[in-house]
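For reference, the structure discussed in these notes is given below.
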Amino acid sequence: MERQKMKHRRQLGLRQGMLGIILLCWVLPVVLIVTLGGVYILDSMTRQYRSDMMRSAQSAAAITGRNLDSMIAASRKASYIATMGNAWASYTKTGDYVTFYNEMQTFLTQQYRYDDKFRNTIVTLVDDPAAPIYTSNTSYTSIRKYQQHVRDEVLVRSEALGTGIGFFAADGSLYMMRNLLDANYRTYGVLVMELNTDTLFDSMRSVIWMTDATVWLGDAEYTVAGSVRDAGELRGNIRAGGQGGAPAQGSYAVWGSESVVPGCALEYIVYSDTAAMRAQLRSTALLLAALLAALLPLMGAVIAFLYRKVNRPIVTLSGASAHIEQGEFGIQVDAGRLGSKEFAYLGNSFNAMSDKLKNQFERIYKEELALRDAKIMALQSQINPHFLNNTLEIINWEARLADDVKVCQMLEALSTMLNAAMDRKHRPLIHLSEEMMYVDAYLFIIRERLGKRLTVEKEISPETLDCYVPRLVLQPLLENAVEHGINPVQKGTIIIRAYREQDRLLLEIENDGVTTYDDLMKIQTLLSDEPLPEGTGSASLGIRNVHERVKIIYGQESGLSITITEKGNTLSRMNIKFEQDGQ
């Protein structure tokens, strides 16, 4: 039965099966066609987009390279025209600084003051860097910025520059520099030209779909537009053959290089936002979405038909079957509303079967209840006459040797035991707290016989006292412990425990008497369904009766077990369901 339930759970439901067929044979092909078509269109447009951007960036870089060539050519005039060299030579001979300064500044003004490729042109003398000679197309503020933040860097770079041209960026400006040499090829000054980046990079800012751009002239890095994060690291990765990156998701990067002068190349990284491309794809996506939406009503009609005519009737019948499985016999379904004559026939057959099951179950259930009650009453009616004889004998001796108070106590204990055995109110289940009263009465009588030679310990969890247990479930276990564990040596210890483990109540009686192998074999016989041998003692009969009563009340998973502990003690453990409902 359990295997059939597991197999049933592994099977797919009708609704899942129908949805699976629709998805596999209809929705999936349509989605695949639309997806593959969209991917192909997107890939084609993306490749075209990147190709156009690459060509635009290369064209812009070529124009920038020509602008840079023009700037480099203009800077050479300072060396090829002898005016500045002659002024320096005259100054070294005469020491007339005013004439030297005027000649130098006049030359700079004539050559570069009105050239829109340069913002500022400055000559820094190696021997006197604090007094620059300059011409400016902007303001003196830029010259002061040069003196404070750029001049020292220029002097350091000039030492390794030789006769070449160098570039560097500082404080948002881009500079080009070259050394000025005297007749003996010694550097007497450095020509520094702040480039007009608006003119130089005008074409780079016009690259199609460009949002961010960074260029390098040698080791000089300059941000043309936007703000490219970690552009230098990206440039190094690309030059090393690695993968490029993007400043944000949805961007595309283009890298290129344009030769300018020997040993110095114009390198660039241009980024673009793909929003423009996504806008072009929007119309295509809308067309594909409209095509897919046109199929939805037809697909919905098919699903609705299958749901009303097939799935809903089967769900109704399955739900009613689940109620029967849970014990709700006699449940009926409305066969006229199952949607078709075939399902109406199944519904009428189900109703007839449900009625028949209800009638049969009620008859069988009543018979089982009557049989169980009769068996419980028969088991509970047994009483141990040997125990009563011993008790009466003790009371007789106490009446002769002790005071009347002692006799009263004995009589009260005996009365408690007799009331529990007779059960005038016919309660098969009582609280554990009441059961412990019967245990105390029994132990009081036993102590009167053994005195201090008997030690009793209790380990009762408070939460178990309100739990219901079968009447006189512990007395036979205590009697067995006394008869087989205490009496042979006329002394010993009994431990009584009650505790909860999840939904189970465990009752334990442990004594320190010695249990032999033969005793264990007898115990196994007592707890089995084998017939008991003739002459079985009352304690053994009580053990068998308690075991059977618990199984009848709580089922086969409950019962009694008797084992030997690691200390060699005998442990009787009763395992029943933890219930606080006495029904």
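Values in this text are rule-based calculations from the coordinates and carry no lab data. Remember, predicted model here, so these are calculated numbers, not experimental data. Cβ sites come from the backbone with ideal geometry, for glycine too, and all protein chains shown count toward neighbours.
Estimate the FRET efficiency between Thr35 and Leu357 by the formula 1/(1 + (r/R0)^6), using the beta-carbon distance for r and 51 Å for R0, to the nearest 0.05.
Plugging the Cβ-Cβ distance into 1/(1 + (r/R0)^6) gives 0.45.
Non-local amide H neighbours of Tyr134 (under 5 Å, H modeled in plane, Pro and chain starts lacking H): which ones?
Under 5 Å from the amide H of Tyr134 lie the amide H atoms of Val123, each far enough along the sequence or on another chain.
How much FRET efficiency would the formula 1/(1 + (r/R0)^6) give for Ser461 and Leu181, where r is the Cβ-Cβ distance and R0 is 60 Å, rounded to 0.05?
0.05
Any of Lys358/Lys551; Lys522/Lys577; Lys77/Lys117 with alpha carbons more than 23 Å apart? Name them for me.
The pairs that break the limit, which is 23 Å between Cα atoms, are Lys358/Lys551; Lys522/Lys577.
Using θ = phi - 60° and the Karplus relation 6.51 cos²θ - 1.76 cosθ + 1.60, list the HN-Hα couplings for the stretch 551-557 in order, rounded to whole Hz, with x at every Gly or Pro.
Computed from phi, the couplings for the stretch 551-557 are 5, 5, 6, 10, x, 5, 6 Hz.
Provide the gained length on full extension for the span Ile208 to Met521, in nm with one decimal, where the gain is 0.36 nm per separating residue minus the Cα-Cα distance.
Length difference between fully extended and current span is 103.0 nm.
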